[in-house]
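Scroll down for the structure; my scribbles are underneath it.
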Amino acid sequence: MKTNLVLFGKPGAGKGTQAAFLKETYQLKHISTGDVFRANISQNTSLGQLAKSYMDKGDLVPDSVTIQMLEAEVNENQAAAGFIFDGFPRTTAQAEALDAFLKSKSMEISATIALEADEDVLTARLLERGKESGRPDDQDETKIRNRFQEYNLKTAPLEAFYKAQNKFYAVNGIGEISEITKRIAAIISGL
Ligand code: AMP
């Protein structure tokens, strides 16, 4: 059985950082929808152009586009021992599509892990990250607040969605990176 993990968390919660550890430790394929969109933007593909118009405002990219892209990424990595979905699903429609898609491949989500942190702490982290990375959506507090709002409105309901499947685990996302890694590893070893 493949291990398929979903990493949840508001922007800046540390999903990418922790995914890097999980990927190495458990030999999983890391799929970050945000990274795939950014790669498309830098290559100026039509998908990139479309995604950019939403990302620049801190809005979610439409479900149909995002789901299709995610499925293509999974299909291209069939041999993987499992997947880390980072930043996907972010809406109920995406979560339902993911369940159906994995089922069609005789796979399922093993666990969803939410990294929890306060919005003020995250805003400070993102503004700091934006200075280094130059990411436009990390450099403007209005865009950051809008991303939190998108999360609270559209992504937060997924907690109940996965709790109903007994697959939801919350982790305190504040602290040393290595401490947070240990908290996640403890959950995975208990699966
Ligand atoms: P991230 O790198 O995960 O913070 O994502 C950056 C931006 O990419 C988000 O603010 C959205 O505009 C877009 N994005 C990433 N993943 C998704 C998704 N699953 N659904 C819709 N939009 C997404």
Q. How big, in percent, is the set of alpha carbon pairs in the chain lying more than 28 Å apart?
A. 20 percent
Q: Report Rg (one decimal) and Dmax (nearest whole number) for the range 76-164, counting Cα atoms only, units Å.
A: 15.7, 43
Q.
For LYS23, give me every one of the aspartates and glutamates with a C-alpha distance below 13 angstrom, ignoring sequence neighbours fewer than eight places off in its own chain.
A. ASP86
Q. Can you run phi through the Karplus equation (6.51, -1.76, 1.60; θ = phi - 60°) for the range 159-171 and list ³J(HN,Hα) in whole Hz, with x for Gly and Pro?
A. 4, 5, 4, 7, 4, 4, 9, 6, 10, 10, 10, 9, 10
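Please state, rounded to one decimal and in Å, the Kirkwood hydrodynamic radius that the range 26-110 gives when every pair of distinct Cα atoms enters the mean of 1/r.
Working: mean 1/r = 0.0747 Å⁻¹.
Over the range 26-110, the inverse of the mean reciprocal pair distance is 13.4 Å.
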Q | ³J(HN,Hα), Karplus 6.51/-1.76/1.60, whole Hz, each residue of the range 19-32, x for Gly, Pro | A | 4, 4, 5, 4, 4, 5, 5, 10, 6, 9, 7, 8, 10, 9
Q) Could you name the lysines in cross-link range of LYS154, using Cα to Cα under 21 Å and dropping any fewer than eight places away on the same chain? A) LYS10, LYS15, LYS52, LYS57, LYS143, LYS163, LYS167
Q: Enumerate the amide H contacts of PHE83 below 5 Å, restricted to partners 5 or more residues apart or on another chain; note that Pro and chain-start residues carry no placed amide H.
A: THR3, ASN4, LEU5, LYS29
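No value in this document is a laboratory result; all are computed from the given coordinates. Worth saying up front: this structure is predicted, and the values here are computed from it rather than measured.
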